[in-house]
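The values are calculated or read from the model by the stated rules, or taken from the named source; none is laboratory data. Keep in mind it's a predicted model, so treat the numbers as computed, not measured. Note that each Cβ is placed from the backbone with ideal geometry, even for glycine, and that neighbours are counted across all protein chains shown. In case anyone asks, the SASA skips ligands and DNA or RNA and just uses the protein heavy atoms, side chains included. Shrake-Rupley method; radii C 1.70, N 1.55, O 1.52, S 1.80 Å.
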Protein chains: 2
Amino acid sequence: MRRKEGTGVPTIYDVARECGVAPSTVSRALSQPGRVSAATSERIHDVAAKMGYQANPLARYLPTGRTETIVLIVSDIANPVYFPVIRGAEQAAAAAGYTLVLSDIDESPDRERQVMEKLVRTVDGFALATSRLSDAAIRAIARRRPMVTMNRVTQQVPSVVPDNEQGMRHAAEHLAELGHRRVTYVAGPQASWANTVRWRSLRAVGEQLGFKIRRIGPYAPTVSGGWAAAADLVTWGQRSGSGGRAGTGAPRATTTAVIAYNDLLAIGAIQGLTDVGLTVPRDVSVVGCDNILGSDWCTPALTTLAAPLRELGAASVRHLVAMIAGSDTRPRRPVVLPSQLIVRESTAAPRPA
Amino acid sequence: MRRKEGTGVPTIYDVARECGVAPSTVSRALSQPGRVSAATSERIHDVAAKMGYQANPLARYLPTGRTETIVLIVSDIANPVYFPVIRGAEQAAAAAGYTLVLSDIDESPDRERQVMEKLVRTVDGFALATSRLSDAAIRAIARRRPMVTMNRVTQQVPSVVPDNEQGMRHAAEHLAELGHRRVTYVAGPQASWANTVRWRSLRAVGEQLGFKIRRIGPYAPTVSGGWAAAADLVTWGQRSGSGGRAGTGAPRATTTAVIAYNDLLAIGAIQGLTDVGLTVPRDVSVVGCDNILGSDWCTPALTTLAAPLRELGAASVRHLVAMIAGSDTRPRRPVVLPSQLIVRESTAAPRPA
DNA sequence: GTGAAAGCGCTAACAG
DNA sequence: CTGTTAGCGCTTTCAC
């Protein structure tokens, strides 16, 4: 393992020799402007540029332990809800001089744990978009590296979340104004904190409004999960031969309105309902959550709860960067961002019984 | 910078001391099974586990230079077309024991260059999903690190691409069968290789079929780009006060069929066309490319060219991993994967003039 | 089979 | 302001 001269890429030793200075001077000139005389500094920069010198990041990180990299972990990259989150995070990271790497765990807590375990020593911090881990597991990693969570509140871990309570209130009131009394919550993954909070908020608000509230699921937070939910949302009359499925009568929805954990589920439910011959919103109103790309081009266009996703990503990364820098400006309590109900065409008054 | 005892995480020195062996033995026991006696090896593993020892990846990478990480660069993470590509790549990477990190460059060649420059020393290889760089720039990086490109053919750089020629032929023949004679290609980014190839293929096939072919654009490969294209696709009659826009007559499409660079553009075009009062497919047929999530839930459901995206990602990563491993099984020529036309509802016979 | 020791390339005391 | 010198934690010869 003797240092091979001229083999491959130049190091500070090479440019030091070329300039007739010590390697440490090169290091200083290149990374601590001002700690070296202008003349030598300039010469070093020139020679370095001429030789095509570029610091070996691995070597640079070893002594300091800092990689200027943070990782954003999303539970399912195939969910458009993350686009704005990612964009916001990227922008904030770039602004702070950090490289953002993205990791997708495909809804698997095991993969999430693996990824974090593998990365914990090589990144400066973690931003979790929608963790599927237990609070304890999250806290364990948070003790080893700065971390901020989104859509999730865990004791002792800074977080930024959309205002689910307020959002659910808006959605429920919208339905109430339309005249609905029976609403069904279509649940997403049990490991999802947002799922729990949304259901809890909806139930609370629903009781105040005098709704008959129920929950079905959990379902995968995907379009096909929505189809499955749709199947569970209808009953079939007993009269046979009426043109429906063999031996069964016409389909009937068991609810007049549904609120789904997310837009994908809502869109799938609309498709499934439509497929059995029901009409949205005439037979059943449906509202989604997230306002994803495409929620405006499905038919009927989806009424949905929009969270400030881009800001969610950006704010999280800003906090994370501050934590890494060691500042103690980090919020002691969750940062709550307002949600907004976007009314489109998938909700309407229930038809008279 | 003296080594601090007991401060923080355990190193091989700590477990070596604890076991009464040399650090090098610990290293061997942990990474080169068989080069250490079974007894000591077992003891070392036990102690390491007990102490919660985990190798410092940074330190491990320094001497070897290998990080067991590859990066997948996509031009725009907000384009659903990448979902399957990413999934395929992830799976192949995981299967080979590599960590895949994802990087989004937001359609910016500058950002792409920056990202690659920053990562070139810290990753073992590059997979470029849809590079916006020049051939020369790509080759420059490819000389420094193993690389494979998708949707792009560059001399001397292994690549895997969908069969654009065959795909465009399918699309054109479909339109011809429907009775179309005038087709307009709605172009995407000029820096996109696929854009160039699709247009060229379409033009060639179109000539064979006796089409009147033209191209408009370039447009941003997004839904709003599609709206812009739609605006360029219609003319307004001169009769005023006919209920259209102030001072203008009814809108008329300048073509009977359009093929768009991608689905986002196609969907935006449908929206824009519909917005001015035209009907798809009655007034104009539109076909997209990619078969993205949501292309089946827009109205009308999009006829589109589907590439084997998941396999695109997986095959690329498999080749990349082989290159990193130093094998020379890498393909000398582009790997071409078949495309498939998915006929839905956005195409129909043109209406009689 | 195991230990000693020399790096990997850079940073950061500590002198001068 | 600049040179000297230890490391960062691990891998890998080279001996024994």
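Take A:Y53, A:Y13, B:Y185 and sort them by solvent-accessible surface of the protein heavy atoms, 1.4 Å probe, largest at the top.
If we order A:Y53, A:Y13, B:Y185 from most to least accessible, we get A:Y13, A:Y53, B:Y185.
Over 10 Å intervals from 0, what percent of Cα-Cα pairs in the stretch A:291-353 sits in each interval?
18, 32, 22, 16, 9, 2, 0
Write down the radius of gyration of the stretch B:164-308 and its Dmax, each obtained from C-alpha positions, in Å.
My reading of the Cα-based Rg and Dmax gives 14.7, 50 Å.
Between B:G65 and the same site in the other copies, what are the distances in nm, shortest first, taking label points 7 Å from Cα along the C-beta direction?
Label point to label point, same position, other copies: 2.9 nm.
Percent of accessible area on the stretch B:12-61 owned by carbon and sulfur, 1.4 Å probe?
50
With charges set only on the Cβ (+1 for Lys and Arg, -1 for Asp and Glu), what does the dipole of chain B come to about its Cα centre, in debye to the nearest 20?
820
Build a GNM of chain B with springs between Cα atoms under 10 Å: which of B:V160, B:V71, B:V343 gets the top mean-square fluctuation?
Judging by the Gaussian network model, the answer is B:V343.
Normalised by the number of residues in chain B, what is the relative contact order in percent for Cα pairs under 8 Å and 6+ residues apart?
Relative contact order here is 17 percent.
Please report, for A:L209, the nm distances (one decimal) from its label point, 7 Å out from Cα along the beta-carbon direction, to the equivalent points in the remaining copies, shortest first.
Those separations, rounded to one decimal, come out as 5.1 nm.
Mind checking how much accessible area B and A bury in total, 1.4 Å probe, in Å² rounded to 100?
3900
Could you tell me what fraction of 2.2 N^0.38 Å the Cα radius of gyration of the protein assembly as shown comes to, as a two-decimal ratio?
The value comes to 1.09.
For chain A, what does the convex hull of the Cα positions come to per residue, in cubic angstrom?
In chain A, the Cα convex hull volume per residue is 181 Å³.
Within chain B, which is the longest segment that contains none of the GluC sites (Glu not before Pro) sitting in a DSSP loop with at most 15 other Cβ atoms within 10 Å? Could you put the intermediate results ahead of the total?
Values: sites that count: B:E5, B:E345.
After excluding every exposed loop site, the longest remaining stretch is B:6-344.
Within the protein assembly as shown, what is the number of lysine pairs with alpha carbons under 25 Å apart, leaving out pairs fewer than eight places apart on the same chain?
7
Can you work out the accessible area per residue across chain A, with the rest of the protein chains kept in place, probe 1.4 Å, in square angstrom?
Result: 45 Å² of accessible area for each residue.
Enumerate the calculated ³J(HN,Hα) couplings along the stretch B:66-80 in order (Karplus 6.51 cos²θ - 1.76 cosθ + 1.60, θ = phi - 60°), each rounded to whole Hz, writing x wherever the residue is Gly or Pro.
Along the stretch B:66-80, the couplings run 9, 10, 6, 10, 10, 10, 10, 9, 10, 7, 6, 4, 7, 9, x Hz.
Find every distance from the label point of A:Q91 to the corresponding label point in the other copies (7 Å from Cα along Cα→Cβ) and write them in nm, one decimal, shortest first.
Once sorted, the set of distances for A:Q91 reads 3.4 nm.
Per DSSP helix of 4 or more residues, -39500 (n - 2.57); summed, then divided by the residues of the protein assembly as shown. What does that give at 222 nm, rounded to the nearest 500?
Roughly -13000 deg cm²/dmol at 222 nm, from the helical runs in the protein assembly as shown.
Could you identify which residue out of A:T69, A:T184, A:T40 has the top mean-square fluctuation in a GNM of chain A using Cα springs shorter than 10 Å?
Residue with maximal mean-square fluctuation among A:T69, A:T184, A:T40: A:T40.
Name the most mobile residue of A:M116, A:M51, A:M150, meaning the one with the largest mean-square fluctuation, in a Gaussian network model of chain A with Cα contacts below 10 Å.
The residue with the greatest mean-square fluctuation here is A:M51.
Taking a ≥ b ≥ c as the square roots of the eigenvalues of the Cα gyration tensor of the stretch B:12-61, is the shape rounded (a/c under 1.5), prolate (a/b larger than b/c) or oblate?
Details: a/c = 1.63, a/b = 1.22, b/c = 1.34.
Oblate, since a/c reaches 1.5 and b/c is not below a/b.
Once amide H atoms are built 1.01 Å from N in the peptide plane, which residues 5 or more positions from A:L305, or in another chain, come under 5 Å H to H?
A:G288, A:C289, A:D290, A:N291, A:I342
Given the convex hull over the Cα atoms of the stretch A:56-177, what projected area results after averaging over all orientations, in nm²?
With every direction weighted equally, the projected area is 9.2 nm².
Do any residues of the stretch B:269-300 lose at least 30 Å² of accessible area when the full set of protein chains is present rather than just their chain alone, and if so which, with a 1.4 Å probe?
So the qualifying set is B:Q271, B:L293, B:W297, B:T299.
Restricting to the stretch B:164-308, what percent of DSSP beta bridges are antiparallel, rounded to 5?
15
Which residue, chosen from B:A322, B:S41, B:A171, occupies the Cα position most advanced towards the positive end of the dipole of chain B, where the dipole is computed from +1 (Lys, Arg) and -1 (Asp, Glu) charges on Cβ about the Cα centre?
B:A322
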